[in-house]
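Structure, as structure tokens:
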Amino acid sequence: MENNIRGGDAPIACDLEAGKNYAWCSCGHSADQPFCNGNHKKEGGTNPVIFSVEEAKEAYLCTCKQTGNPPYCDGSHKN
Ligand code: FES
């Protein structure tokens, strides 16, 4: 069983660059939310989700790790 936690209680607005690979923290242990800082290895959490966007945009990335549409917030943090 993975040791995942909530990394926050609300999404973070991020300016994403086109074509750049990002590592979204899926375990909640990163101190660099919403992105991975490698802490999943130490804490036994799940691996980050690598993603990129085709066009630069601002996106609200999930920190609660309950989203059904990672890395994006889908409102699940309110549950
Ligand atoms: S911050 Fe996780 S669903 Fe909104």
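The values are calculated or read from the model by the stated rules, or taken from the named source; none is laboratory data. Here the structure is a predicted model, which is why all the values come from computation and not from measurement. FYI the Cβ positions are ideal-geometry reconstructions off the backbone, even for glycines, and counts take in every protein chain you see.
Listed by first and then second residue, the pairs with beta-carbon distance under 7 Å, at least 6 apart or on different chains, first residue in the range 60-79 and touching a residue at least 24 places away in the same chain (Cβ under 8 Å), second surrounded by fewer than 15 Cβ atoms within 10 Å (Cβ to Cβ) and outside any loop (DSSP other than H, G, I, E, B), are Tyr60/Ala13; Cys64/Ser76; Gln66/Ser76; Pro70/Val49; Pro71/Val49. For the range 24-58, which residues satisfy the criterion of being crowded, with 19+ Cβ neighbours inside 10 Å and among the small types (Gly, Ala, Ser)? Selection gives Ser26, Gly28, Ser30, Gly45. Screening Asp9 against (1) over 13 Å from the mean Cα position of the chain (by Cα); (2) within 16 Å of the ligand (Cβ to nearest atom); (3) among the acidic types (Asp, Glu) leaves a single unmet condition, (1). Note on the range 62-75: residues that are in a strand (DSSP E or B) and farther than 13 Å from Leu16 by Cα amount to 1. Of everything in the range 23-37 that is in a loop (DSSP other than H, G, I, E, B) and in contact with a Pro (Cβ under 9 Å, 6 or more places away or on another chain), the residue that is farthest from Gly8 (Cα to Cα) is Cys36. Would you confirm, using the coordinates I've provided, whether Ala59 is closer than 18 Å to Glu2 by Cβ, outside any loop (DSSP other than H, G, I, E, B) and at pLDDT 95 or above? Judged against the criteria, Ala59 is not a match.
Kindly provide the set of residues from the range 61-79 that are more than 7 Å from the ligand (Cβ to nearest atom) and crowded, with 17+ Cβ neighbours inside 10 Å, ordered by number. Step through it out loud before you land on a result.
Step one: filter the range 61-79 for residues more than 7 Å from the ligand (Cβ to nearest atom), giving 61, 68-72, 78-79.
Those that are more than 7 Å from the ligand (Cβ to nearest atom) and crowded, with 17+ Cβ neighbours inside 10 Å: Leu61, Pro70, Pro71.
Within the range 1-23, residues that are over 21 Å from Gly45 (Cα atoms) sit with their Cβ atoms under 7 Å from residues that are part of a loop (DSSP other than H, G, I, E, B) and more than 12 Å from the ligand (Cβ to nearest atom), at 6+ positions apart or across chains, in these pairs: Leu16/Ala56; Glu17/Ala56; Ala18/Glu54; Ala18/Glu55; Ala18/Ala56; Gly19/Ser52; Lys20/Ser52. Scanning the range 18-67 for residues being among the hydrophobic types (A, V, I, L, M, F, W, C) and touching a His at 6+ places or on another chain (Cβ under 8 Å) gives a total of 4.
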